[in-house]
Amino acid sequence: MLQKSKAAYIQVLATSNPTTANNLSNELTVLYKKPVQAIESKGLYRVTMGPFNSTSERFLMLQRLKRSGYESAFGKEMFQP
């Protein structure tokens, strides 16, 4: 059985509006040149950025996002597919 590994991500936003989530996902991908996904679970769309190569890389991006107005963004560990 294959083991899934955890990776460093940032959750930028959670919303129940799929249009808001998808628009933000596209905008952040263009602005920061990082993969961004809008992942739906139980009617809530979580906009996540990553994976990052290291927690220090994630920390630097998290600081950039917070300075850009995404104060509620936070780091998290997620399983990779």
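The values are calculated or read from the model by the stated rules, or taken from the named source; none is laboratory data. Since the structure is predicted, the reported quantities are computational estimates derived from the model, not experimental observations. As a convention, Cβ positions derive from the backbone with ideal geometry for all residues, glycine included, and neighbour counts pool all protein chains shown. The accessibility values were calculated without ligands, DNA or RNA, using every heavy atom of the protein model including side chains. Shrake-Rupley method; radii C 1.70, N 1.55, O 1.52, S 1.80 Å.
The conditions of being open to solvent by less than 50 Å² (accessible area, probe 1.4 Å) and touching a strand residue (DSSP E or B) at 6+ places or on another chain (Cβ under 8 Å) are met by Arg58. Scanning segment 1-60 for residues that are in a loop (DSSP other than H, G, I, E, B), of a type in the set (A, V, I, L, M, F, W, C) and closer than 15 Å to Lys76 by Cα turns up nothing.
Quick check on my filter: what residues within segment 42-51 are at negative phi and over 10 Å from the mean Cα position of the chain (by Cα)? Result: Leu44, Tyr45.
Hey, among the residues in segment 1-41 that are touching a residue at least 60 places away in the same chain (Cβ under 8 Å) and open to solvent by 50 Å² or more (accessible area, probe 1.4 Å), which one's farthest from the chain's Cα centre (by Cα)? Residue satisfying both the conditions and the ranking: Lys4.
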